[in-house]
1. Let me confirm something: among Asp287, Asp305, Asp243, Asp256, which residue is without any contact (Cβ under 8 Å) to a residue 40 or more places away in the chain, closer than 30 Å to Arg195 by Cα and not assigned by TED's automatic domain parsing to the domain that holds Arg194?
2. Return the pairs, sorted by first residue and then second, in which the second residue is among the hydroxyl-bearing types (Ser, Thr, Tyr) and part of a strand (DSSP E or B), the first residue lies in region 391-419 and is in contact (Cβ under 8 Å) with a residue 12 or more places away in the chain and farther than 18 Å from Arg340 by Cβ, the beta carbons are less than 8 Å apart, and the residues are 6+ apart or on different chains.
3. Here is a check on your reading of the model: is Gly55 over 14 Å from Ser134 (Cβ atoms) and surrounded by 20 or more Cβ atoms within 10 Å (Cβ to Cβ)?
4. Modelled with pLDDT of 80 or more and either among the acidic types (Asp, Glu) or assigned by TED's automatic domain parsing to the domain that holds Ala31 (or both): is that true of Asp200 in this structure?
5. Go through (1) within 23 Å of Arg194 (Cβ to Cβ); (2) of a type in the set (D, E, K, R); (3) modelled with pLDDT of 85 or more and name the single condition Arg353 misses.
6. Glu171 - would you say it is in a helix (DSSP H, G or I) and either at pLDDT below 70 or surrounded by 16 or more Cβ atoms within 10 Å (Cβ to Cβ) (or both)?
7. When you check Leu12 against the structure, is it closer than 18 Å to Lys119 by Cβ, out of contact with any Phe, Trp or Tyr (no Cβ under 7 Å at 6 or more places or on another chain) and either at pLDDT below 75 or not charged (D, E, K, R) (or both), yes or no?
Amino acid sequence: MLTLSFYVLGNLAGSFFCSLSEAALLSASEARILARIERGDRKAKRLLELKRDPGRTLAAIVFLNNIFAIGGTAAITAAATTVMPATLEGTGITPATGMFVFIALQTLLIIAFGEITPKVLGEALPETIASAVSPALVWVRRILRPLVWFVEKLVAFARPRSRVLAGEEGEIRELARLGEQGGHIDPEEAELIRRVFRLDDITAEDVMTPRPFIRGFTASSTVDEVRAQLLEAHHYQFPVYEDDLDKVTGVLTLRDGLAALAGGHGDRTIGELQRAPLFLPTSRKVDDVLRDLQDQHGGIAIVIDEYGVTEGIITMDDLVEELVGEAIDEADLREGRVKRLSRDVALVHGLTRVRDVARFLSCVVVYPNLDEENTTITGLLQERLERMPIVGDRIDVDDSLSFEVTEADERTALRVLARHTRAPQA
């Protein structure tokens, strides 16, 4: 009887260890393992090696589990066959019935304590448990290496040529969403993650300052002639051109202009102070634009179309706003671009982007077309109305956001009433 108890407990312990190790290894996050390594956890280094070569590790665990399952079952059956007749003698229970009850109980124990319980524990504390069992797993891999190698050769035809790696964009987006829903990530942090991934989906044309709003200087103008514009400037760099914006020759920094004024060199021309410009096509992806501007150590980029016509400019500020939202400052309010009229109503310029208005009014919008989020109010009006907007035009972006034109010219909507319609409180 003692031998039978030893076999039963050994079989349960072996199944428990294999199931616990498998669940913990599969559930362990490589990112959290790396974080443990940074904190000086030595076991985490060994665990990282096992995690990055899961095929052989899992194969070794499966081998060990089957050794316990098959070998243990055979040993238990042999011991029970010997013990059962003597144990049941005089009870009126036949050995066959006793064996059936014993096997049923053994199966329940294996399922409960050899499979379900360890897997629940392994998934609940993956890195902690995986780190604890990693030394044993290393030895299991070494001992069973010949068998694992032989089976790998037998099933080599089933091995995929490429493996889907963890950390793909879609997975990280979903993790951010789940983290936000679970309260582990702030909504602002989750939105920042989504905006980062959006950088390779939008182009320079989507984030540039359009041509009608470009403020620049002619190359032949002197510093004294543009003194007033430099002293009142709200920007740090300006395009320099010859006849018009289609002939941009360089970029003037506010620092160079003011330095010339302070040094008494007001007779110098803007062309003498200009720096080399950076030209980008309208189709350039925004994440590439960011690298271009970084390589240029800041500055601005001139956005041109396939014909070399200047369509707009992009600054580093534009890219920062793409990540964190439009920076609405006091200068914007004085110029009348954005003016809050009440908690849920604002007066905005037609070239303000739809998503920035929604953010300004703390309005959660479900866009029928995702492109509408990144367009300007005027662009959305033109697309919906299929004509230039006029005073009185009104559209609904969603049940919670609407726009009404209150002032317009022949080119754009100058003032638009943006309204956040809140759902009635239950």
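The values are calculated or read from the model by the stated rules, or taken from the named source; none is laboratory data. Keep in mind the model is a prediction, meaning the values are calculated, not measured. Cβ sites come from the backbone with ideal geometry, for glycine too, and all protein chains shown count toward neighbours.
1. Asp305
2. That search, which allows pairs on different chains as well, returns Val391/Thr406; Ile395/Ser402.
3. So Gly55 fails the test.
4. On the way: modelled with pLDDT of 80 or more: no; either among the acidic types (Asp, Glu) or assigned by TED's automatic domain parsing to the domain that holds Ala31 (or both): yes.
When the stated conditions are applied, Asp200 does not pass them.
5. Just one mismatch for Arg353, condition (3).
6. yes
7. On the way: closer than 18 Å to Lys119 by Cβ: yes; out of contact with any Phe, Trp or Tyr (no Cβ under 7 Å at 6 or more places or on another chain): no; either at pLDDT below 75 or not charged (D, E, K, R) (or both): yes.
No.
One line per residue, one yes/no per condition, for (1) crowded, with 19+ Cβ neighbours inside 10 Å; (2) within 15 Å of Leu125 (Cα to Cα); (3) modelled with pLDDT of 75 or more:
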| residue | (1), (2), (3) |
| --- | --- |
| Leu2 | no, no, no |
| Tyr7 | yes, no, no |
| Ser19 | yes, yes, yes |
| Ala24 | yes, yes, yes |
| Arg32 | no, yes, yes |
| Glu38 | no, no, yes |
